[in-house]
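One structure below.
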Amino acid sequence: MKFWMHGMFGAVLAGGIWVALWQIIVTMALIVTTGAGLTLQAGPALLAGMVAGPVAILLRPPTRLVRHGIGITVMAALLWGFTLGAPFDPNGLLPAWQSVVAIIIAAAAGWLSLTSTIGAMAPAMQARYAAETFYLRLLWGLGLMMFVLIVAVPFYVMVMTSLKSQQSLLANPLDFSIDPAVGGAVLFRSYIELFTEYDFGTLLLNSAIVSVATVLITLLFSVPGAYAVAKLRFPGRKWLSGSVLLIYLIPAIILVIPLYAVFSQLGLRNSLLGLCIVYPATTIPVALYMLRGYFAGLPSELDDAGLMDGLSRLQIITRIAMPLSMPAIASVALYVFMIAWNEFLFAFMFLDDVKLFTLSRGIVSLNSSEVPRQHLMAGAVIATTPVLILFLWFERFLVTGLTAGSVKG
């Protein structure tokens, strides 16, 4: 049974959406990289994509390379024609080579997105499976594009702003381009001043101490706790297993006031030790929950073999369960580190001494009229970079360690 969608309609729909979207993306990229006040021409791009859609579904040359070459050329010609020869710069604000490069990028991205969406769809009524596949590809591509933009655009603006001077930001707030000819000392002046004038090295050290301590304390309690919940039988086990995340039903703002009062009486309020107590209390439940499922999936025969060899439960955890669970432990450690590194509420309420500020608390202190905006952005880059590096490194570790443990028999 064939229903739901005609292949030609799908090609027209996908072509219009993708070409208009890439037109918007390339135009915005030109604006933030050049500072030029360009005009957004999404309507003509939409029409160009709708015309290119039937071309993509009808064009079936013998090789994919020929198809893409012809398609990108046709797409560029359609963009040029529907926008009357100026798809990005009708007012002549950009050099000619930049406009040509922008047209090629938009045409290539739009064509490749279009062909990936329609796949091998024919210009006829489509069966249900083909129609569902088309819509899933389209929605998946749009979702991925929006996710990348939401992450990439703010990060780009943050980095470029941190490398600019106060004069250039005031002259054109939309210009996020940089001039490498000014030299490294000028480009990285905000970063240099953060470490020389605002003592950001101390903030980094404080955050590192608190985050690493939180990870160690969390793993110290959550690993044996998760193993006990997953492998041992004791009264209240099911209740404990089901209620381990109840702490997250209580908003953190409710806990701040009583903790503030208690820590003030105990002398822990204005100290890093106080944070090292509060942070593990909030991360141990989720670490228990994450590790419990992984430990439960380990074969029970391994524990029985260890007990027969005379190992204690602690030795089974350290010599058998933990080596086989390193991917899960690494992911939990990274997750806990990110929580402690980025936490702001408790640090804001508990810390008063500037020398004890963590990064999140110190960056907020830069958000004032006395501190230039590029210093605030440089601080945000410094706070983001270590977590990004750790994530990339742990990702490689997780991928290589997924098959580290197995049962041999």
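The values are calculated or read from the model by the stated rules, or taken from the named source; none is laboratory data. The structure presented is a predicted model; accordingly, all values stated were derived computationally and were not measured. Positions of Cβ are generated from backbone atoms using ideal geometry, with glycine treated the same way; all protein chains shown enter the neighbour counts.
The table below lists the values:
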| item | result |
| --- | --- |
| Entirely in segment 170-287, the helices (runs of 4 or more DSSP H) that have 2 or more residues that are crowded, with 18+ Cβ neighbours inside 10 Å and in contact (Cβ under 8 Å) with a residue 24 or more places away in the chain | 189-197, 200-231, 252-266 |
| Failed criterion for GLY141 (all others in (1) under 30 Å from SER116 (Cβ atoms); (2) of a type in the set (Gly, Ala, Ser); (3) out of contact with any helix residue (DSSP H, G or I) (no Cβ under 7 Å at 6 or more places or on another chain) hold) | (3) |
| Filter result for the condition that a residue is in contact (Cβ under 8 Å) with a residue 12 or more places away in the chain and in the same structural domain as GLY143 (by TED's automatic domain parsing), over PRO54, PRO62 | PRO54 |
| Matching residues in segment 319-340 - criterion: being within 16 Å of LEU388 (Cα to Cα) and surrounded by 22 or more Cβ atoms within 10 Å (Cβ to Cβ) | VAL332, VAL336, PHE337, ALA340 |
| Single residue of segment 306-337 satisfying the filter (within 22 Å of VAL229 (Cα to Cα) and charged (D, E, K, R)) that is modelled with the highest pLDDT | ARG319 |
| Subset of segment 158-169 [surrounded by 12 or more Cβ atoms within 10 Å (Cβ to Cβ) and part of a helix (DSSP H, G or I)] | MET158, VAL159, MET160, THR161, SER162, GLN166, SER168, LEU169 |
| Any hit, segment 309-323, residues being hydrophobic (A, V, I, L, M, F, W, C), under 25 Å from GLU343 (Cα atoms) and either assigned by TED's automatic domain parsing to the domain that holds ALA230 or in contact with a Gly (Cβ under 9 Å, 6 or more places away or on another chain) (or both) | no |
| Residue check, ILE317 closer than 19 Å to THR218 by Cβ and either among the charged types (D, E, K, R) or part of a helix (DSSP H, G or I) (or both) | yes |
| Those residues of segment 88-140 which are free of Cβ contacts under 8 Å to residues at least 60 places away in the same chain and β-branched (Val, Ile, Thr), in sequence order | VAL100, VAL101, ILE103, ILE104, THR115, THR133 |
| Qualifying residue in segment 110-125 (condition: assigned to a strand (DSSP E or B), surrounded by fewer than 17 Cβ atoms within 10 Å (Cβ to Cβ) and among the aliphatic types (A, V, I, L, M)) | yes |
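To keep it simple, each residue is scored yes or no on (1) assigned by TED's automatic domain parsing to the domain that holds ARG313; (2) at pLDDT 85 or above.
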site	(1), (2)
TYR129	no, no
LEU136	no, yes
TRP140	no, yes
GLY143	no, yes
MET146	no, yes
SER162	no, yes
ILE209	yes, yes
ALA230	yes, no
